[in-house]
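All remarks here apply to the structure that follows.
The values are calculated or read from the model by the stated rules, or taken from the named source; none is laboratory data. Computed from a predicted structure; not experimentally measured. Here Cβ is always computed from backbone atoms with ideal geometry, including for glycine, and neighbour counts include all displayed protein chains. For accessibility, only protein heavy atoms count, side chains too; no ligands or nucleic acids. Shrake-Rupley method; radii C 1.70, N 1.55, O 1.52, S 1.80 Å.
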Amino acid sequence: MENLERLAIHSITTKPWDLQTAVMKYKDAGVRGISIWKEAYEALGAKKAGQLAHSAGLDVVSLIRGGFFVHPVKEEREVRIARNLSMIHEAAELGAPHIVLVCGAHPNVRIEEARRQVAEGISEILPAAERERIKLAIEPLHPMYAADRSVINTLSEALDLCDYFESSHVGIVVDVYHTWWDPELHVQIERAGRGNRIFAFHVCDWKTPLEDMLEDRGLMGEGNIDIPSIRKTVEKAGFSGFVEVEIFSRRYWALDQDIWLGMIVDSYRKSV
Ligand code: ZN
C-alpha cells in the first residue's frame, strides 16, 4: 500500500471543478501536490492561485503548459514566445518550480523546420527562465501527435535538446502515456538521471481501444503500462519529486468528481 505523500494531481484531471474546489477536495483526500493548468488559474490570477494552494498545504508542482513554439508565420511565433515569457513570470507568482513545455508542431511546417523552431523558441525564453529561476521541463509527446502538438516525441530527442542547451534550467518530463512504448525508455531515463534532468513524472494509463487521441486516457491500472517498473527506474535515476496524476478523459469528467477523485486515490495506492 502506497501512502499519499508523493501524490499530486493535475487540475485538468478534475476539469469540472474550479481551482478553489479542486484545492479543497485534494486536500481533504490527502493529496499533497497540485499541478495547475493555465486555464485553471486565469480566473484568479497566478498569485492568488498559488496562495490558495499553499494555504491549503498543497505544493504547486508544475505550471502547465507552455511551449507551442511551432507556426508557419513568424509574427505568430513571436506572439507565442511572448506568451511563454509571461508564463515564466506567472510560474514565479504561482510558486511553481517549472513550466511543462509541449514543444509544438504544425501540419503546415515540415518536421525538420519544426524542430528548429522548437530549439529557437526555447533559446528565446531560457534567459528569462534562468533569471526568474523557473525551470523548463520538456515533455516528449507520443509520436501520434507529431503533426499537431509536438515534434519532440522521444526522451532521447528531449535529452538531446537538454545537451544542446547545457543549462540546469532545462530538463524533461517523463510521462508514462507518451513514453511507455519506447524500447529505449529505461536507458534514456538513466541517461536523464546522470544529468539531474528529470523534473517531473506524470502517470495515467494507456487503454485499448483508444477512443480519442486527447481525451481518453486511462486510470492507472486499467491499461497496459507497467507504471511501477517505470517509477522504479525514474526513482533509481535520482528523481524524488511528486508522482503527478494527469488524466484527460471525457468518460471520467462525466462522473461525479468526488467519486472520480476517490478512484484516483485508490488506483494510485494499488497501481503506482
Ligand atoms: Zn504529461
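Structural remarks
- Of everything listed in (1) open to solvent by 30 Å² or more (accessible area, probe 1.4 Å); (2) out of contact with any Cys (no Cβ under 6 Å at 6 or more places or on another chain), the single unmet condition for residue 182 is (1).
- The set of residues from the range 247-260 being touching a strand residue (DSSP E or B) at 6+ places or on another chain (Cβ under 8 Å) and buried (at least 21 other Cβ atoms within 10 Å of the Cβ) comprises 247, 249.
- Among the residues of the range 193-209, those identified as within 15 Å of the ligand (Cβ to nearest atom) and farther than 26 Å from residue 260 by Cα are 198, 199.
- The set of residues in the range 151-184 that are more than 13 Å from the chain's Cα centre (by Cα), among the small types (Gly, Ala, Ser) and within 16 Å of the ligand (Cβ to nearest atom) contains only 158.
- Residue within the range 209-221 that is among the hydrophobic types (A, V, I, L, M, F, W, C), at pLDDT 95 or above and farther than 16 Å from residue 233 by Cβ present: yes
- Residue count for the range 90-108, restricted to those that are farther than 22 Å from residue 141 by Cβ and open to solvent by 10 Å² or more (accessible area, probe 1.4 Å): 4.
- Residue within the range 157-169 that is assigned to a helix (DSSP H, G or I), closer than 22 Å to residue 210 by Cβ and at pLDDT 95 or above present: no
- Residue tally, condition open to solvent by 70 Å² or more (accessible area, probe 1.4 Å) and within 16 Å of the ligand (Cβ to nearest atom), over the range 210-246: 1
- Within the range 1-52, restricting attention to residues that are assigned to a helix (DSSP H, G or I) and within 16 Å of the ligand (Cβ to nearest atom), the residue that is most open to solvent (accessible area, probe 1.4 Å) is 39.
- Where residue 177 falls short, out of the listed (1) of a type in the set (Ser, Thr, Tyr); (2) open to solvent by 20 Å² or more (accessible area, probe 1.4 Å); (3) in contact with a Cys (Cβ under 6 Å, 6 or more places away or on another chain): (2)
- Selection status of residue 66, open to solvent by less than 20 Å² (accessible area, probe 1.4 Å), at pLDDT 95 or above, within 16 Å of the ligand (Cβ to nearest atom) and in contact with a Leu (Cβ under 6 Å, 6 or more places away or on another chain): yes
- Taking first residues from the range 241-266 that are among the small types (Gly, Ala, Ser) and partners that are buried (at least 21 other Cβ atoms within 10 Å of the Cβ), the Cβ contacts under 7 Å between residues at least 6 apart in sequence or on separate chains come to 241/200; 241/201; 249/217.
- Of all residues in the range 122-150 being over 13 Å from residue 182 (Cα atoms) and assigned to a loop (DSSP other than H, G, I, E, B), the one that is farthest from the ligand (Cβ to nearest atom): 133
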